[in-house]
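Encoded as structure tokens, the structure appears first; notes follow it.
The values are calculated or read from the model by the stated rules, or taken from the named source; none is laboratory data. As the structure is a prediction and not an experimental result, all values here were calculated from the model. Cβ atoms come from the backbone with ideal geometry, glycine included; neighbour counts cover every protein chain shown.
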Amino acid sequence: MARREQIYVRVGISLIIGICFYSITDLAATITWVTGYIAFQLAEYVLFRPITAVTPLTPLKQIAGLAVMTTSNIGFASYGLLESSHGGTAGLVCACLLWSGAILNGAIVSGESKTVLACSIVPPLLHFFSVPYFVIENGGTLGSGLAIVLGGMLNGVGAISIWATSRRLMDNAAREREISRLALLDAESGLPSRHAVLSRVAELRKVSGDEIVVVAAIAIDRFVHLRGAIGHALMIELVIGLADRLAKIYPDAPFARLSNGVLGLAFTARDIDEAKSVTCRLQRAMTEPVQLRDNKVDVSVTIGLSVPDDAIASPAEVSILDRAMIAVDQARSARQSVALFDGRAYGSPGSNLSLMSEMLRAFDNGQMSVHYQPKISLRSNHIVGVEALVRWAHPERGALRPDLFVRMAEETGHIGALTEWVLRRALDDQRTLHRAGHDLCMSVNWSALVINDVQITDMALKLVEKAAGDVCLEITETAIIGNPDLARQTLDRLRAAGIKISIDDYGAGLSSLAYLKNIPADELKIDRAFVMNMANDPVDAVLVRSAVSLAHSLGLRSVAEGVENKGTLELLYAMGCDLAQGYGITMPMPLGELMTYLGRRQRKAG
């Protein structure tokens, strides 16, 4: 390719050489030499012109091209013989310079081909062997001629060294380009990677003007269960198929694979409302099932959005890409299909890192407390139990949301310490209530991460031995997924010790009769998301009624949480629900206020 681009230079040089040729020969010889040389150059150009095409040169064309190149180089180098013959010592010097230049030029333009290098430098290199003859003819010695030949050989060695260095540099450049290309691609799917999205964000921010740059994380719902049902290979096909489908809806930007079940793209919009309208169009594209070989798969997605301005502290702390993926979790927690990253809800990761060490100290310095939310029997209208809810009054950050520090305790391995502290405190308060004449069942939330921890189980069994009443541990229905056999053994041990088991947040996750069948439980607690609006939403009312019937069919008490008003309470009573709790009954309260509240109810009932 380099020789092809150089044809104009070589033809121009041949004309200059032709003028010099004419000065030492005649016009006919000059025209013959120039015409022949240019003809070879044009033939070489035509033969090597397809070298950039997808289809490589045929072997025959390769041989023909190399033959033409060799012949033209022989003709070019032969001009040095004429200079040496007619120009004396000066002509010999010019000839050596001509051959040296041809050798070095061949090294520069030969690219990666050793054959092309040989065809380029061998003809002028061999011409150096004629130097001793011309040196002696002009009165010089054989030693001087051989020294010049040695210099020509050194030129050849230098040319090969230049060629090797050039090839190494080209290989390194090609390798770096390939590494850069692969860094922007997901290895499994071939889709652009998260790095490609970050690069596009940087590009868009330079040209966005008054528009905002938006990153959307499009997460496949029930990804783990879908992958378990169809397998990893088909799941990759599903991800690729979704990316292709979404690209037809929004072709302005490439869809990338951010993680196993998350696609993403970066785009510009006039405002957040326009960005949400884009994502709504993408979601509507999911209404049709995806065809995977012989199967059709129903897919739904949750979309998280983030913009550069929603950074929580500094851009380096949590990238715009990660904030979009966090927004997916926030959307799912709020039961929304699309959500913009909420920095206030997420908090500050930098300050959150120190929370766990502070939490261990908060157990002893009075910052941590337990509030209790009463559970009312819908049949007797009596308070029959309370749920222990941990609270943290941070001296600098104020009241911290339980979901923040409980989640962090789970992620950092501190959930065991938090669980033990809450259980000890709740049982101590239960004894205080008992001495005041209030016999209540004490319910404590039990994380799925401690269900298979034998030490935590042994601790719970030892503490409950001294309990002043019934104790109920509230677990989520998916707590047995990790190790079902060990979880079942743990729950059997707890129940054998008289501890009641409540299935918490029923309906909020992947509710399955298979899970319910394998959990030895005493009560089913219906998630607040269905209970809160059931008085105004007929669908929620039907779902709650079904959950109550299911609980009774399995021999379990039904508990409704999230009761916000009297209308909901009356509906639950009509459905036959056993227990209820929520702000519509009473807020969670510390032990002192709880005792006052219970005493007031007793006096009113009496």
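Before moving on, here are some points about what is shown:
- Checking Glu593 against (1) surrounded by 18 or more Cβ atoms within 10 Å (Cβ to Cβ); (2) free of Cβ contacts under 8 Å to residues at least 60 places away in the same chain, the condition it does not meet: (1)
- From Leu440, Leu461, Leu473, residue being in contact with a helix residue (DSSP H, G or I) (Cβ under 8 Å, 6 or more places away or on another chain), surrounded by fewer than 20 Cβ atoms within 10 Å (Cβ to Cβ), at pLDDT 90 or above and farther than 30 Å from Arg344 by Cα: Leu461
- Top-ranked residue of the range 249-295 - restricted to ones that are among the polar types (S, T, N, Q) and in contact with a strand residue (DSSP E or B) (Cβ under 7 Å, 6 or more places away or on another chain), ranked as surrounded by the most Cβ atoms within 10 Å (Cβ to Cβ): Thr279
- Note on the range 97-117: residues that are assigned to a loop (DSSP other than H, G, I, E, B) and either touching a helix residue (DSSP H, G or I) at 6+ places or on another chain (Cβ under 7 Å) or not assigned by TED's automatic domain parsing to the domain that holds Ala64 (or both) total 3.
- From the list Val109, Val135, the lone residue that is under 53 Å from the mean Cα position of the chain (by Cα) and more than 15 Å from Ala77 (Cα to Cα) is Val109.
- Residue within the range 127-142 that is in the same structural domain as Ala39 (by TED's automatic domain parsing), under 23 Å from Leu15 (Cα atoms) and buried (at least 17 other Cβ atoms within 10 Å of the Cβ) present: yes
- Tally of residues being touching a strand residue (DSSP E or B) at 6+ places or on another chain (Cβ under 7 Å), under 23 Å from Tyr583 (Cα atoms) and of a type in the set (A, V, I, L, M, F, W, C) across the range 515-554: 6
- For the range 67-94, the set of residues classified as among the aliphatic types (A, V, I, L, M) and at pLDDT below 80 consists of Val68, Met69, Leu82, Ala90, listed by residue number.
- Checklist (1) surrounded by fewer than 17 Cβ atoms within 10 Å (Cβ to Cβ); (2) closer than 23 Å to Val11 by Cα applied to Ala95, failing item: (1)
- Of note, Arg344 does not satisfy the criterion of being among the basic types (Lys, Arg), outside the structural domain of Ala275 (by TED's automatic domain parsing), without any contact (Cβ under 8 Å) to a residue 60 or more places away in the chain and surrounded by fewer than 20 Cβ atoms within 10 Å (Cβ to Cβ).
- Residues (under 15 Å from Ser357 (Cβ atoms) and at pLDDT 85 or above) located in the range 401-412: Phe405, Ala409
- Residue in the range 381-427 that is farthest from Asp453 (Cα to Cα), counting only those that are crowded, with 18+ Cβ neighbours inside 10 Å, under 36 Å from the mean Cα position of the chain (by Cα) and of a type in the set (Val, Ile, Thr): Val390
- For the range 177-191, the criterion of being surrounded by fewer than 14 Cβ atoms within 10 Å (Cβ to Cβ) and closer than 30 Å to Cys119 by Cβ is satisfied by at least one residue.
- Looking only at residues of the range 17-55 that are loosely packed, with under 11 Cβ neighbours inside 10 Å and part of a helix (DSSP H, G or I), we find that the one that is modelled with the lowest pLDDT is Thr52.
- Residue check for Asn445: out of contact with any strand residue (DSSP E or B) (no Cβ under 9 Å at 6 or more places or on another chain) and either of a type outside the set (A, V, I, L, M, F, W, C) or modelled with pLDDT under 90 (or both): no
- Considering (1) of a type in the set (Lys, Arg); (2) at pLDDT 85 or above; (3) under 23 Å from Gln336 (Cα atoms), the lone condition that Arg200 does not fulfil carries the number (3).
- Residues in the range 271-297 that are without any contact (Cβ under 8 Å) to a residue 40 or more places away in the chain and in a helix (DSSP H, G or I): Asp273, Glu274, Ser277, Arg281, Arg284.
- Residues of the range 547-580 satisfying the condition of being on the phi < 0 side of the Ramachandran plot, more than 41 Å from the chain's Cα centre (by Cα) and not in a helix (DSSP H, G or I): Leu554, Leu556, Arg557, Ser558, Asn565, Cys577, Asp578, Leu579, Ala580
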